[in-house]
Amino acid sequence: MTGSEAQRCTVVGAEKLPAEAGDARTLCEKIEAAVAAQAPNSHYTAQITVVSKSILAADVSVGGRQLPVRKLGVTDRDLNAGSISRFANAIAEDVAKATKS
(Lines give C-alpha, C1' and ligand atoms only; values in the text may rest on other atoms or scores of the structure.)
Protein backbone atom coordinates (compact mmCIF):
# COMPACT_ATOMS: atom_id res chain seq x y z
CA MET A 1 0.00 0.00 0.00
CA THR A 2 1.43 3.37 -0.94
CA GLY A 3 1.43 6.33 1.40
CA SER A 4 -1.49 7.96 -0.43
CA GLU A 5 -3.54 4.75 -0.19
CA ALA A 6 -2.82 4.52 3.53
CA GLN A 7 -4.16 8.05 3.97
CA ARG A 8 -7.20 7.43 1.79
CA CYS A 9 -8.36 4.27 3.53
CA THR A 10 -8.35 3.42 7.20
CA VAL A 11 -9.94 0.48 8.98
CA VAL A 12 -11.21 0.58 12.55
CA GLY A 13 -11.77 -2.74 14.30
CA ALA A 14 -9.82 -4.82 11.78
CA GLU A 15 -9.23 -7.49 14.41
CA LYS A 16 -12.94 -8.41 14.04
CA LEU A 17 -12.53 -9.36 10.36
CA PRO A 18 -12.86 -13.09 9.76
CA ALA A 19 -9.82 -14.70 8.17
CA GLU A 20 -11.80 -15.50 5.00
CA ALA A 21 -12.40 -11.77 4.46
CA GLY A 22 -8.73 -10.80 4.63
CA ASP A 23 -7.15 -8.10 6.74
CA ALA A 24 -7.30 -4.29 6.79
CA ARG A 25 -4.74 -4.03 4.03
CA THR A 26 -6.72 -6.38 1.77
CA LEU A 27 -9.90 -4.42 2.41
CA CYS A 28 -8.25 -1.11 1.52
CA GLU A 29 -6.57 -2.60 -1.56
CA LYS A 30 -9.93 -3.85 -2.86
CA ILE A 31 -11.52 -0.45 -2.30
CA GLU A 32 -8.60 1.30 -3.99
CA ALA A 33 -8.76 -1.01 -7.01
CA ALA A 34 -12.53 -0.65 -7.37
CA VAL A 35 -12.38 3.15 -7.12
CA ALA A 36 -9.47 3.29 -9.57
CA ALA A 37 -11.55 1.30 -12.07
CA GLN A 38 -14.77 3.30 -11.66
CA ALA A 39 -13.59 6.79 -10.71
CA PRO A 40 -9.92 7.24 -11.62
CA ASN A 41 -8.21 10.34 -10.23
CA SER A 42 -10.97 10.94 -7.67
CA HIS A 43 -10.02 12.51 -4.37
CA TYR A 44 -11.64 10.51 -1.60
CA THR A 45 -11.10 9.16 1.87
CA ALA A 46 -12.75 6.10 3.37
CA GLN A 47 -12.90 5.08 7.00
CA ILE A 48 -14.18 1.55 7.29
CA THR A 49 -15.51 0.34 10.62
CA VAL A 50 -15.72 -3.39 11.21
CA VAL A 51 -18.76 -3.56 13.47
CA SER A 52 -18.72 -7.35 13.73
CA LYS A 53 -17.71 -10.44 11.73
CA SER A 54 -20.73 -9.82 9.51
CA ILE A 55 -21.19 -6.02 9.43
CA LEU A 56 -19.13 -3.20 7.88
CA ALA A 57 -19.77 0.54 7.71
CA ALA A 58 -17.96 3.07 5.53
CA ASP A 59 -17.67 6.81 6.06
CA VAL A 60 -16.58 8.18 2.70
CA SER A 61 -15.72 11.73 1.66
CA VAL A 62 -15.23 12.83 -1.94
CA GLY A 63 -13.52 16.14 -2.56
CA GLY A 64 -14.23 17.08 1.06
CA ARG A 65 -17.95 16.28 0.79
CA GLN A 66 -19.25 13.62 3.19
CA LEU A 67 -21.34 10.89 1.54
CA PRO A 68 -24.09 8.93 3.31
CA VAL A 69 -22.74 6.06 5.37
CA ARG A 70 -22.52 2.85 3.32
CA LYS A 71 -23.25 -0.34 5.29
CA LEU A 72 -22.93 -4.02 4.53
CA GLY A 73 -24.52 -6.71 6.63
CA VAL A 74 -24.32 -10.41 5.86
CA THR A 75 -27.09 -12.38 7.54
CA ASP A 76 -26.33 -15.99 6.67
CA ARG A 77 -22.57 -16.15 7.32
CA ASP A 78 -19.51 -14.11 8.22
CA LEU A 79 -17.88 -11.67 5.81
CA ASN A 80 -15.77 -13.32 3.13
CA ALA A 81 -13.72 -12.26 0.10
CA GLY A 82 -16.82 -12.03 -2.09
CA SER A 83 -18.73 -9.79 0.30
CA ILE A 84 -15.67 -7.56 0.70
CA SER A 85 -15.41 -7.22 -3.10
CA ARG A 86 -19.10 -6.30 -3.38
CA PHE A 87 -18.68 -3.73 -0.60
CA ALA A 88 -15.64 -2.24 -2.34
CA ASN A 89 -17.57 -1.99 -5.62
CA ALA A 90 -20.50 -0.29 -3.88
CA ILE A 91 -18.13 2.27 -2.35
CA ALA A 92 -16.55 2.84 -5.77
CA GLU A 93 -20.01 3.42 -7.29
CA ASP A 94 -20.74 6.00 -4.60
CA VAL A 95 -17.41 7.75 -5.27
CA ALA A 96 -18.01 7.72 -9.03
CA LYS A 97 -21.50 9.25 -8.64
CA ALA A 98 -20.21 11.91 -6.27
CA THR A 99 -17.31 12.73 -8.59
CA LYS A 100 -19.71 13.32 -11.49
CA SER A 101 -22.07 15.57 -9.53
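The values are calculated or read from the model by the stated rules, or taken from the named source; none is laboratory data. This one's a predicted model, so the numbers in the text were calculated from it and none came from an experiment. Methodologically, a virtual Cβ is constructed for each residue, glycine included, from the backbone with ideal geometry; neighbour enumeration extends over all protein chains shown. Protein only, heavy atoms only, side chains kept; ligands, DNA and RNA dropped before computing areas. Shrake-Rupley method; radii C 1.70, N 1.55, O 1.52, S 1.80 Å.
Table for the structure above
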| item | result |
| --- | --- |
| Segment 11-38, residues that are closer than 17 Å to Ala92 by Cβ, free of Cβ contacts under 8 Å to residues at least 60 places away in the same chain, β-branched (Val, Ile, Thr) and touching a strand residue (DSSP E or B) at 6+ places or on another chain (Cβ under 9 Å) | Val11 |
| Residue check, Ser61 of a type in the set (Ser, Thr, Tyr), out of contact with any strand residue (DSSP E or B) (no Cβ under 6 Å at 6 or more places or on another chain) and in contact (Cβ under 8 Å) with a residue 12 or more places away in the chain | no |
| Matching entry among Ala46, Ala37 (being surrounded by 14 or more Cβ atoms within 10 Å (Cβ to Cβ) and either over 14 Å from Pro18 (Cα atoms) or among the small types (Gly, Ala, Ser) (or both)) | Ala46 |
| Only one of Ala81, Ala58 that is closer than 17 Å to Asp23 by Cα, of a type outside the set (Ser, Thr, Tyr) and open to solvent by 20 Å² or more (accessible area, probe 1.4 Å) | Ala81 |
| Failed item in (1) over 19 Å from Ala14 (Cβ atoms); (2) in contact with a Gly (Cβ under 6 Å, 6 or more places away or on another chain), with Val50 passing the rest | (1) |
| Filter result for Val74 (more than 12 Å from Cys9 (Cβ to Cβ), aliphatic (A, V, I, L, M) and modelled with pLDDT under 95) | yes |
| Long-range neighbours under 9 Å by Cβ, at least six apart or interchain, first residue within 12 Å of Ala88 (Cα to Cα) and in contact (Cβ under 8 Å) with a residue 12 or more places away in the chain within segment 39-58, second part of a loop (DSSP other than H, G, I, E, B) and open to solvent by 40 Å² or more (accessible area, probe 1.4 Å) | Ala57/Val69; Ala58/Val69 |
